[in-house]
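What follows draws every value from the coordinates through simple rules; no lab data is involved. Everything quoted here is computed from the prediction, not taken from an experiment. Because the Cβ atoms are built from the backbone with ideal geometry, glycine has one as well, and the counts that use them run over all protein chains shown.
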Amino acid sequence: MSLSRSPSPQRGGGWSSPGLTTPVDGTSRRPSPVRYAASPSNVSWKSASSKSDAKSFSTYSPRGQKFQTHMRKISANIPFWNSSKDYADKEGRGRRPDDWQKRVPAHIGRMVWKLRAPFAIILAAVALFFIIAYPLLHTWRRTAFLGGGSKYVIMLATNLGGGVMEWKGPREWAIERDSVKNKKAYAKRWGYELEMVDMSTKKRYAHEWRESWEKVDTIRNTMRKYPNAEWFWWLDLHTFIMEPTYSLQSHIFNDIQKKVYRDINVYNPLNISHPPTDEFLDPISRSAIGDGKADSINLLVPQDCGGFNLGSFLIRRSAWTDRLLDIWWDPVGYEQKHMEWEHKEQDALEWMYTNQPWVRSHFAFLPQRSINSFPPGACNDKGPNTKIHYDSADRDFLVNMAGCEWGRDCWGEMFEYRKLSESLNRNALKRFWDWVKGTPPHKSKLVKS
Amino acid sequence: MPSGALPPKKASPYVANVNRNKARQMSPRSVVLGALGVIGTLWMLFRLFGSSSTPKSAPKSVPGMGGSAYAKTVIVTVLDEKADADGPIADFVKQNRIDYAKKHGYATFFPSANNYTIKHGSSSWAKVPALRHAMTLFPEATYFFNLDPHTLIMNPTLSIETHILAKQRLESLMVTDVPIVPPDSVIKTFAGLKGDRVDFVITQDREGLSEKSFIIRNGDWAHFFLDAWFDPLYRTYNFQRAERHALEHIVQWHGTILAKLALVPQNIMNSYHEKQATAANDNGIYKPGDFIVNFGDCNQKAKGRNCENEMRPYYARSVQADL
C-alpha cells in the first residue's frame, strides 16, 4: 500500500490518512481540488475515493489493486464502532457503564463478523500448515540435495530360516513383526528407503556350494534397484533401533572422520598385522589409514569380540564395492575354506582384508556400540565390556541380539529392548503422565542397572 | 626504511642511551618480522619435507630400475638370474628391453624373482608382486608391459601405444565373443568394450590366456586385480599351471575383471617361436615383422631345449632390425 503522502496530523486531534474514514476536516491538506468538500464533516474516505476514482485525477487510487482494496476494507471497518457518534463524542466514550455494557458484546460480535474473512484465512493457513507440515518435512528429509534421505537404503534380512522350507512359529512371526515395524518407522521418519530381503528365497546356483551366501548377491541386487542411493545399511533381523531420533547423517556421516577408525590397531581382536609392510606395495596400501580421506571410505564395519561383525554394517556404492562384491565369493576360496569359514561372508571378508591389500585402503571400522551394541548375552565370555555391550545411559543407537537363536530367547530380548526404547523415548506429555501416575521407568531384565 | 625514520645520530654523551632507546623502539617490529621469518622458514621446510614424503614425489631408486621415473610406459621383466635359470640370457634380454625403451622414452624394471618371498606356490608367481612393485616405483606411469624373460622384442619400431593401445587401434584388434579358455569355456570375451575402458590387454594361445606378455593400466583396478590374483588361496590351490590357471580362473569367475580385459590376436604381442608351434593359435607363429617372439618353455632341458641357443640368434636379428 503506497500512500501518495504521509499521514498528517489534524487540527482537532487524530490524523488524516487516506486509509482512515475519520471525518476529515483538512481541506487545506488535500493535494487535489476538493470537489467533495461541500460537506467535509460527512465525507468518508469511501465516498471520497469513489469520487476521486470516478474523476480519476486523484494521486491515490487503491481500486483495481486487490490487496490494497482488501486492506482498505479492514482499516475502513475499524472506526465503525464510533461512526454513529459525532466527532465530539469521542472524549465521552466508555464513560457511561450502561452504554459500555451494551456496546461491547455487540461490538465484538460485529468485529468477528466483519473479520470473518481474515479469520477464515488464518484458520485455513494453520490447518494447511498442520496438514502439509509432515509431508513437507518428509519430502525435505528425503530429497537428495536437502536432507539426503533417499541416498540411504536400509536392507533388512527377513524370513530367516523360515518361509517355505521351515515352519515359522508365533514367536518367530512376532520377532519379525517387531523388527520390521521398528525399521519401517525409522526409515519413514528420516526418509530412507527400506528394502526387505527375503532370505528364504535361496538362489539355486549351478552347484550347491554357494548356499546361504545370499548377502553379497542381495546387496548387488539392491544397489541395482535403488540406482540413486549411495549408502546401503545391512541389518540382521535380530536388531532393534533403540534411538530412532538419530539420523544416519547426524550419527555417522556428517562427521564421518571422527566417528570411524581406519587403523584396525585401534581395536584388533583378530590380531591382523596392519598396515601391510610388503615393499612392493604402494604408499597408500602401506598406510595404516589408507589415504585418510573421508571419501575413500566405502565400507563401514563394526568389530565385536571375535572380529568383523556383519550383523549391522554399511556399504557404499563405488567401483571398489563392485569389485569387492564380485570377488567376495569365489569357488576356489570356498572349496578350500568352507569347513573353516563358519561365518561364511564374514570370514571371507576377514580373509580378503588380511590378504588383499587393495581392500584395506577403503575400509573403515565403526566402534561397535555406535551401530551394533550387543546385549549382555552375546560376547560375554569375559563379562560385561563397555566397548561391546549396550548401555541405556549412553543411549546406544542399535542393539543386535547376535546369536540369540542359539540358546537365548530372541523374542524375550526383542520385547525387552522394544519396551526400553519406548520408555527412553517417551514424549514430554507421556513423561509427565507417568510422573503423575508414579509409574517407574522401564527396568529391563537384560540391561544392567 | 626503518633507519631513515630515526633521528640522525649525534655525537653526545647520550649516544649509548639513544641507541638503547632505538633498540627499544625497534623491538616490537623486529620481533614481528623475526617471527614471520621463522614461521616462513619453517613453513618452507615443512613444505619441502612434506612434499618429499608424498607419493607424488620422485620414487626412490631400486636395483633393476631404468629410464625416466616419469615415463608413461614401463617394461617389466622378472628375471631369475641364477646360472641354471635366466643367468646366461639375462644380459641380452635386458639389453633388448633397454634399447627398445630408449627408442620410445619408456622405462624398464628388471626385478629379481628372489626379491619377492612367495610362501606358497612357485617362483613364477613373482611377476604379480613385481608388477605391483613397478606401479609403486613408477606411480606416474600409465602402462605396464609385462614381458617374460623368454621373449624378445623383434620389431623395435613399433610403439606400444600406436601398435596396440590407441583407442581405435585396440577396438579394431579386440577379439570378442570367444571362449576365455578354448575351445569350449562358457565365459566369452565381452563384445562392445570401449578401447579407453580397457585396463588389461592379453593374448590367448591354443590352451588359454598367456601370462607371458600382457599390458596392464595403472590404477585402482590394477591394484585390485593384482592383489586378487595373488591371493594365497589361489597359490595354495595347486592349479596345474600356477598363476596362469589362476588368471584364467579369476577372469572367468569375476565379471569386474572380465569387463576390463581385451583379448588381442596372438601375433600382435606374443608370437610363438616355431618350437612352441603346437601351442600357438592360428596366426600365432612368429614371422618376421612381428612385435614379440616368445620362446615359451625353452628352459625345459628335458625336452632338449636351450634358451640361450634359441634366443641369441633372434637377439642379433632384433639388433639389426633396430639399425
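Please compare each pair in A:Lys337/B:Lys260; A:Lys151/A:Lys258; B:Lys82/B:Lys119; A:Lys151/A:Lys215; A:Lys183/A:Lys437 to a cut-off of 24 Å on the Cα-Cα distance and tell me which ones are over it.
Values: A:Lys337/B:Lys260 28 Å; A:Lys151/A:Lys258 21 Å; B:Lys82/B:Lys119 19 Å; A:Lys151/A:Lys215 20 Å; A:Lys183/A:Lys437 31 Å.
Over 24 Å apart, Cα to Cα: A:Lys337/B:Lys260; A:Lys183/A:Lys437.
Check the straight Cα-Cα distances from B:Lys194 and name the aspartates and glutamates below 13 Å, setting aside those fewer than 8 residues away within the same chain.
B:Glu171
Under the Karplus relation 6.51 cos²θ - 1.76 cosθ + 1.60, θ = phi - 60°, what is the ordered set of whole-Hz ³J(HN,Hα) values for the stretch A:375-381, x standing for Gly and Pro?
For the stretch A:375-381, the Karplus-derived couplings read x, x, x, 9, 6, 10, 4 Hz, x marking Gly and Pro.
Tell me which residues come under 5 Å, amide H to amide H, from B:Thr108 once H is placed; ignore anything under 5 positions away on its chain.
Here B:Gly66, B:Gly67, B:Ile75 satisfy the definition.
What distance in nm separates the two pseudo spin-label positions at A:Ile272 and A:Gln257, each 7 Å out from Cα along the beta-carbon direction?
The answer from the label model is 2.3 nm.
Based on the mean of other Cβ atoms within 10 Å per residue, sort peptides B:178-185, A:407-414 so the most packed one is first.
Details: B:178-185: 13.2, A:407-414: 17.5.
Packing order, densest peptide first, comes out as A:407-414, B:178-185.
Going by amide H atoms built from the backbone, whose H comes under 5 Å of the H on A:Tyr390, apart from near neighbours?
Counting only residues 5 or more places away or on other chains, the set is A:Phe374.
Evaluate peptide A:328-336: per residue, the Cβ atoms of other protein chains within 10 Å of its Cβ; return the mean as an integer.
Values: counts 1, 2, 8, 2, 10, 5, 1, 2, 5.
What the average comes to for A:328-336 is 4.
Which order do peptides A:269-280, A:175-186, A:353-364 fall in by mean Cβ count within 10 Å, highest first? Write down the numbers at each step before the final one.
Values: A:269-280: 14.8, A:175-186: 18.1, A:353-364: 22.2.
Final packing ranking: A:353-364, A:175-186, A:269-280.
Could you work out which residue, out of B:Gln252, B:Gln204, B:Gln240, moves most in a Gaussian network model of chain B, that is, has the largest mean-square fluctuation with Cα springs under 10 Å?
Comparing B:Gln252, B:Gln204, B:Gln240 in the GNM, the peak value goes to B:Gln240.
Rounded to a whole number, what is D in µm²/s for the stretch A:147-437 from Stokes-Einstein with the Kirkwood radius over alpha-carbon pairs (10 °C, 1.306 mPa s)?
79
Test of understanding: what is the full-extension gain from B:Ser123 to B:Lys301, defined as 0.36 nm times their sequence separation minus their Cα-Cα distance?
Numbers: separation 178, 0.36 × 178 = 64.08 nm, distance 1.82 nm.
Taking B:Ser123 through B:Lys301 to full extension adds about 62.3 nm, to one decimal.
Taking Cα pairs under 8 Å and at least six residues apart, what relative contact order does chain B come out at, in percent? It would help to have the intermediate numbers written out before the result.
Details: 500 pairs, mean separation 56.1, N = 323.
Result for chain B is 17 percent.
What is the sum of charges around B:Asp205, taking Lys and Arg as +1, Asp and Glu as -1, for the other residues whose C-beta is under 15 Å from the C-beta of B:Asp205?
Values: positive: B:Arg206, B:Lys212, B:Arg241, B:Arg244, B:Lys275; negative: B:Asp148, B:Glu207, B:Glu211, B:Glu248, B:Glu274, B:Asp282, B:Asp290, B:Asp297.
It works out to a net charge of -3.
With label points built 7 Å along Cα→Cβ from the Cα atoms of B:Asp220 and A:Arg189, find their separation and express it in nm.
3.3
Kindly identify the stretch B:65-321 as rounded, prolate or oblate by the Cα gyration tensor criterion: order the square roots of the eigenvalues as a ≥ b ≥ c, call it rounded if a/c is under 1.5, otherwise compare a/b with b/c, prolate if a/b is larger, else oblate. Provide the component values of the computation, followed by the final result.
Numbers: a/c = 1.19, a/b = 1.15, b/c = 1.03.
Cα axes put the stretch B:65-321 in the rounded bin.
Hey, can you rank B:193-199, A:321-327 by average C-beta count inside 10 Å, highest first? Intermediate results must be reported in sequence, preceding the final value.
Details: B:193-199: 15.9, A:321-327: 20.9.
Peptide ranking by packing, descending: A:321-327, B:193-199.
Choose one answer from B:Gly87, B:Gly304, B:Gly66: the residue with the largest mean-square fluctuation in a GNM of chain B with alpha-carbon springs under 10 Å.
B:Gly304
222 nm [θ] for chain B, helices only, -39500 (n - 2.57) per DSSP H run of 4+, per residue, to 500? All intermediate terms of the calculation are to be shown ahead of the outcome.
Details: 10 runs with 125 residues, N = 323.
It comes out at -12000 deg cm²/dmol, rounded to the nearest 500.
Report the residue, chosen from B:Ala85, B:Ala134, B:Ala101, that carries the largest GNM mean-square fluctuation when chain B is represented by alpha-carbon nodes joined by springs under 10 Å.
In this elastic network of chain B, the residue with the biggest mean-square fluctuation among B:Ala85, B:Ala134, B:Ala101 is B:Ala85.
Between A:Asn265 and B:Val319, take the C-beta separation as r, use R0 = 45 Å, and let me know the FRET efficiency to the nearest 0.05.
Working: r = 54 Å, r/R0 = 1.20.
After rounding to 0.05, the efficiency reads 0.25.
Under a point spin-label approximation (7 Å from Cα along Cα-to-Cβ), what is the A:Ile132-B:Tyr70 distance to one decimal in nm?
For A:Ile132 paired with B:Tyr70, the spin-label model returns 6.0 nm.
Report, as an integer, the average count of C-beta atoms from other chains found within 10 Å of each Cβ along A:316-323.
Values: counts 0, 0, 1, 5, 5, 0, 4, 10.
Taking the mean over all residues of the peptide, I get 3.
Within the stretch A:290-316, name every residue whose backbone N is under 16 Å away from a label modeled 7 Å from Cα of B:Trp253 along the Cβ vector.
none
Helix B:242-253 against the longest principal axis of chain B: what's the angle in degrees, Cα atoms only, rounded to the nearest 10?
Taking Cα atoms only, the helix is inclined about 90 degrees.
Counting Lys +1, Arg +1, Asp -1, Glu -1, what net charge surrounds A:Ile252 among other residues with beta carbon under 11 Å of its beta carbon?
Values: positive: A:Lys258, A:Lys259; negative: A:Asp255.
Cβ neighbours under 11 Å give a net charge of +1.
Quick one: net charge around A:Pro276, please, counting Lys, Arg +1 and Asp, Glu -1 for every other residue with C-beta under 13 Å from its C-beta.
Overall, the nearby charge balance is -2.
Partner chain Cβ atoms within 10 Å, averaged over the residues of B:254-263 - can you pull that number for me? Spell out each step's value before the answer.
On the way: counts 6, 3, 8, 3, 1, 2, 0, 0, 0, 0.
Per residue, the average neighbour count from other chains is 2.
Provide the gained length on full extension for the span A:Ala319 to A:Val104, in nm with one decimal, where the gain is 0.36 nm per separating residue minus the Cα-Cα distance. Each step should come with its number before you reach the end.
Numbers: separation 215, 0.36 × 215 = 77.40 nm, distance 7.65 nm.
Gain on stretching A:Ala319 to A:Val104: 69.8 nm.
Give the angle, between 0 and 90 degrees and rounded to the nearest 10, that separates the Cα long axis of helix B:127-137 from the longest principal axis of the Cα atoms of chain B.
For helix B:127-137, the angle is close to 20 degrees.
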